[in-house]
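The values are calculated or read from the model by the stated rules, or taken from the named source; none is laboratory data. The structure presented is a predicted model; accordingly, all values stated were derived computationally and were not measured. Quick reminder, even Gly has a Cβ in these numbers, built from the backbone with ideal geometry, and neighbours come from all protein chains shown.
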Amino acid sequence: MGLTTREEESIKEFDQWAHNFEKSIKLPYFNYTYRKVFSLTRDYIKKGSNILDIGCGTGKFEHLLAENSPLDKIIGLDISGEMIKKAKGRPNQKIEFIEGSIASYELDQTYDLVYSLQAFHHFPDYENTVQIIYQLLNNGGKFIFLDHVNGMFTRKIACALLKIIFSEPEVEYYTIKQLINLFEKTGFKVKSQTSLPLFLYYMVFEK
Ligand SMILES: C[S@@+](CC[C@H](N)C(=O)[O-])C[C@H]1O[C@@H](n2cnc3c(N)ncnc32)[C@H](O)[C@@H]1O
């Protein structure tokens with residue numbers, strides 16, 4: 001099956017961005033999100049935990065987790081070959097990086113935790129993606145969502161501006177209500193949710 005326009009746009013955008021992602025002025029912001037999500041989820045990570053991060057970028061979050069938690073293995077998946085090349089430049093025995101889209105990810109194992117940080121709005125088909133994530137999790141496993149979400153007033157303006165600033169005409173931001181409906185329809189329960197600075201929204205869905 002061929003790639004969707006949204007997937008093609010992601011590859012183009014992030015293959016370019018990969019070269020200065022960690023040098024960009026946005027790095028302190030990204031570092032803040034990694035630390036924040038780690039602090040909110042560290043209690044979920046047990047000795048032997050098996051973890052997947054969808055849209056892992058250059059893999060900094062993988063290192064934070066692998067170096068500060070008892071996890072067994074973390075896989076970082078990303079559609080951008082250049083992002084994955086950067087990520088592979090810092091090897092760690094507990095981390096594996098795979099190039100590919102979540103839409104065509106081969107289900108060869110299941111995970112205790114699946115993360116996706118600021119990547120969900122790029123995925124090609126949300127309904128299909130949520131079903132894939134559901135199949136990827138063990139029973140009781142959790143999906144950790146961090147992204148911008150649509151809504152009224154300021155969130156609506158923020159999402160419209162993000163699409164312009166990052167030249168991402170193809171992406172779509174769902175509202176909190178739309179996301180919760182989608183995840184619940186697939187069989188997930190909402191375990192926690194909170195607003196974070198800069199219009200970010202954090203949610204934990206449990207299988
Ligand atoms: C804004 S970056 C965030 C990267 C990383 N999660 C972070 O917080 O630093 C979004 C990432 O999602 C990846 N991505 C976009 N669509 C994807 C897809 N269909 N499957 C897997 N990764 C995807 C992009 O290549 C990009 O690296």
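Numbers for the structure displayed
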| item | result |
| --- | --- |
| Scope segment 74-110; condition touching a residue at least 24 places away in the same chain (Cβ under 8 Å), over 24 Å from residue 13 (Cα atoms) and of a type outside the set (A, V, I, L, M, F, W, C); matching residues | 92, 94, 109, 110 |
| Subset of segment 173-207 that is surrounded by fewer than 16 Cβ atoms within 10 Å (Cβ to Cβ) and either among the small types (Gly, Ala, Ser) or in contact with a Cys (Cβ under 9 Å, 6 or more places away or on another chain) (or both) - its residue that is farthest from residue 113 (Cα to Cα) | 195 |
| Unique match (being part of a helix (DSSP H, G or I) and over 26 Å from residue 126 (Cα atoms)) among 36, 86 | 86 |
| Top-ranked residue of segment 1-10 - restricted to ones that are surrounded by fewer than 19 Cβ atoms within 10 Å (Cβ to Cβ) and closer than 14 Å to residue 171 by Cβ, ranked as farthest from the ligand (Cβ to nearest atom) | 5 |
| Extreme residue, farthest from residue 56 (Cα to Cα), among residues of segment 127-146 that are over 12 Å from the mean Cα position of the chain (by Cα) and within 11 Å of the ligand (Cβ to nearest atom) | 128 |
| Flag for residue 21 being modelled with pLDDT under 95, surrounded by 17 or more Cβ atoms within 10 Å (Cβ to Cβ), of a type in the set (A, V, I, L, M, F, W, C) and near the ligand (Cβ under 9 Å from one of its atoms) | yes |
| Tabulated pairs, segment 5-27, first farther than 15 Å from residue 102 by Cβ, second modelled with pLDDT of 95 or more and among the small types (Gly, Ala, Ser), C-beta under 7 angstrom, 6+ apart or interchain | 15/80; 15/81; 18/80; 21/57 |
| Qualifying positions in segment 102-113 - within 22 Å of residue 3 (Cβ to Cβ) and either part of a strand (DSSP E or B) or more than 9 Å from the ligand (Cβ to nearest atom) (or both) | 106, 107, 108 |
